[in-house]
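The values are calculated or read from the model by the stated rules, or taken from the named source; none is laboratory data. These numbers come from a predicted model, not from an experiment. Don't worry about glycine lacking a Cβ; one is built from the backbone with ideal geometry, like all the others, and counts go over all protein chains shown.
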Amino acid sequence: MDGKEIAALIDELHGFHRAAAELNHRIQRGRRAVAAGVAAQKKAADALAARREEKRNLLLAAKEKERESDAAARELERRRAQLDAAKSNREYDSIQIQIESIAYKNDELAEAAFEALTAAEEFDAEVEKAEAELKEATALVEKARAAVVEAEPKLTADLERLQGRIREAEGRLPRDWAGLYAKVVKDFGGEEAFAPLTGEGYCGSCRRRLPVEILTKVCGGAALVCPACGRLLYMPSGFVLK
Ligand SMILES: [Zn+2]
């Protein structure tokens, strides 16, 4: 294999690895969207449960206030009945004073009971808001799942096909390239392993200027890595050294 042939083969492999990285990225992006949606849905469900608990507590508090108010009303009735049965003016006056005190307290309790019930009823808006947020979060996670179900089988099939093409192209690598190629691709994890030369004689990945003897050897088809970043150097298609 001459320099041009090896350059074309590495260029082809770089293109395959780039496409594989893009497919992987799209697969992972879909899965991340589902995971984020599930987390948001759980948060919304927890928030709704907390709002419902608050609502229950407000209702319990309102019931308690209502019971206190009812008890005070019954006490007032009892005292009024005593008033009718009073045997002296003194007893009558004494009961009358107690009635005034209880009536005043009764008004306060009735007002407190009404306020507590109003607060509980007004809290329905908070519960409804949390319900709407959970519904929205659920719709989003379902949408993300549907997108994955629709897109992932095709992306996975494309990726498998691409990996087959990568293996086929790797099988055409000359012996002096195969070992270094395998090591660098493994170290960098695919697409990142490649460093096409720039027309100015730089490493296309880390942008360091390369020594002339390295440029000459790479153009001649030698298997070399960039001395600075360690990536595989090669002539990309249409490469012309300026
Ligand atoms: Zn480099």
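Restrict the check to the range 158-176 and report whether at least one residue is within 16 Å of the ligand (Cβ to nearest atom), exposed (fewer than 14 other Cβ atoms within 10 Å of the Cβ) and outside any helix (DSSP H, G or I).
no
Name the single residue, out of those in the range 73-92 being surrounded by 12 or more Cβ atoms within 10 Å (Cβ to Cβ) and acidic (Asp, Glu), that is farthest from LEU59 (Cα to Cα).
Checked the range 73-92; the qualifying residue farthest from LEU59 (Cα to Cα) is GLU91.
Cβ-Cβ below 7 Å, separation at least six or inter-chain, first residue in the range 77-92 and assigned by TED's automatic domain parsing to the domain that holds LYS105, second of a type in the set (S, T, N, Q) and modelled with pLDDT of 90 or more: which pairs?
ARG79/GLN98; LEU83/GLN96
Any residue at all in the range 129-137 that is part of a helix (DSSP H, G or I) and more than 48 Å from the chain's Cα centre (by Cα)?
No: the range 129-137 contains no residue that is part of a helix (DSSP H, G or I) and more than 48 Å from the chain's Cα centre (by Cα).
With respect to LYS154, is the statement that it is under 41 Å from the mean Cα position of the chain (by Cα), assigned to a helix (DSSP H, G or I) and surrounded by 13 or more Cβ atoms within 10 Å (Cβ to Cβ) true?
Considered against the rule, which asks whether it is under 41 Å from the mean Cα position of the chain (by Cα), assigned to a helix (DSSP H, G or I) and surrounded by 13 or more Cβ atoms within 10 Å (Cβ to Cβ), LYS154 comes out as no.
Among the candidates LEU233, LEU241, LEU215, LEU134, which residue alone is more than 16 Å from the ligand (Cβ to nearest atom), surrounded by 15 or more Cβ atoms within 10 Å (Cβ to Cβ) and aliphatic (A, V, I, L, M)?
LEU134
From the list PRO196, PRO227, exactly one residue is in a loop (DSSP other than H, G, I, E, B), within 16 Å of the ligand (Cβ to nearest atom), at pLDDT 95 or above and over 34 Å from the mean Cα position of the chain (by Cα). Which is it?
Matching residue, one of PRO196, PRO227: PRO227.
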